[in-house]
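Report on the following structure.
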Amino acid sequence: MEFAPAKINLTLHVTGRRADGYHLLDSLVVFADIGDYVGATNSDILSLAVEGPEGAGLAKEKDNLVLRAARLLKSGQSVALTLQKNLPTASGIGGGSADAAATLRLLARHWARPLPKSSDVLQLGADVPVCLSSTTARMQGIGEVLTAVPKLPDMALLLINPRQSVATPDIFKALENSHNTAMDDVPDCSSLDEFCRWLAHQRNDLQAPAIAVQPVISRVLEAISQNGALLSRMSGSGATCFGVFSDAATATKAAAKIADAHPTWWVKSARILV
Ligand code: C5P
């Protein structure tokens, strides 16, 4: 089984727009210790079985990113794939891209082939290159330019999705200004308070348009900040929001309280992979 960790955009600045309509981004991306799992066994034909608590919607799809990723590697052999879907779909934490990237890592190992280049996997989705490495990075371009950043301080996260799926193109369409300032350089600091002071001065430029499309997102952000978070923000194009907490115990306590008050929301505490 290959782990497909949830991707979280701690920042997401939209700094421009290309002639083809794609937006230029500047984003600090981290990965969580919760996610989906992809498995493979030898088979004569390529197939995919979707399991897990969030699998229902995907199981009906004829094609998906996992199958497209498998076809991209173009091997003479075939595999039966399984996807254990734990992350809500269309939720801004990379689910589909993380699954595609995990499939590429798994099958590259299975077939003893090199991993495809970042520029070749971009066609699967703008988040697939960063998900392929699944390590903290600054992501620029439309998602293909990745740079290492100083090691982040240890932090606990709370992830909440109000169970309203959000279509990424709709949020980019609702964005009024595509030419915003870039993210400041990520500081080299071991103190979480200092890191959060820096983070508070950065943004997710898709948050306001996402709230305009799905107003419940502002209730999620409120719930997170009222329950002890050092900072709350939306990830990607939403609707999942995160809270940064100083320790796992406070994050877990907040998760239990919010889940109790909002039984329909998807609520998880997590740690970032460092
Ligand atoms: O690449 P992905 O499938 O995640 O993108 C979904 C849609 O989001 C794109 O078709 C495009 O409309 C928009 N997008 C964008 N700029 C990016 C990434 C995505 O405009 N950098």
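For the stretch 2-145, the antiparallel share of DSSP beta bridges with both residues in that region comes to about 85%. Please give the Cα centre distance for the stretch 235-274 versus the stretch 1-61, rounded to the nearest Å. So the two Cα centres are separated by 19 Å. Rounded to the nearest 20 debye, the dipole size of the chain about its Cα centre is 400 debye, using +1 on the Cβ of Lys and Arg and -1 on the Cβ of Asp and Glu.
Can you tell me what percent of all Cα-Cα pairs in the stretch 125-274 are more than 28 Å apart? Value for the stretch 125-274: 19 percent of Cα pairs lie more than 28 Å apart. Placing one equal scatterer on every Cα of the stretch 2-145 and applying the Debye formula, the log10 ratio I(q)/I(0) at q = 0.12, 0.14 Å⁻¹ is -0.46, -0.63. Over the C-alpha trace of the stretch 1-83, radius of gyration and Dmax come out as 16.4, 46 angstrom.
Near Gly141, the amide H atoms lying under 5 Å from its own belong to Leu25; only residues 5 or more places off or on other chains count, and H is placed 1.01 Å from N.
Relative contact order of the stretch 140-196, taken over Cα pairs closer than 8 Å and 6 or more residues apart, is 59 percent.
Quick one: grab the alpha carbon gyration tensor of the chain, order the square roots of its eigenvalues as a ≥ b ≥ c, and give me rounded if a/c is under 1.5, else prolate or oblate depending on whether a/b is larger than b/c.
Verdict is prolate for the chain.
With the contact rule set at Cα under 8 Å and sequence spacing of 6 or more, what percent relative contact order holds for the chain?
Rounded, it is 24 percent for the chain.
Structural descriptor for the stretch 2-133: relative contact order 28 percent, calculated from alpha carbon pairs under 8 angstrom and at least 6 residues apart.
Please report Arg68, Arg109, Arg233 as a ranked list, fewest other C-beta atoms within 10 angstrom at the top and most at the bottom.
Arg109, Arg68, Arg233
If only the Cβ of Lys and Arg carry +1 and only the Cβ of Asp and Glu carry -1, the dipole of the stretch 2-145 around its Cα centre is close to 320 debye.
Every number here is computed from the coordinates shown, using simple stated rules; none is lab data. These numbers were taken from a predicted model, which means no experiment stands behind them. When we count neighbours, we look across all protein chains shown, and the Cβ atoms used for this are built from the backbone with ideal geometry, even at glycine.
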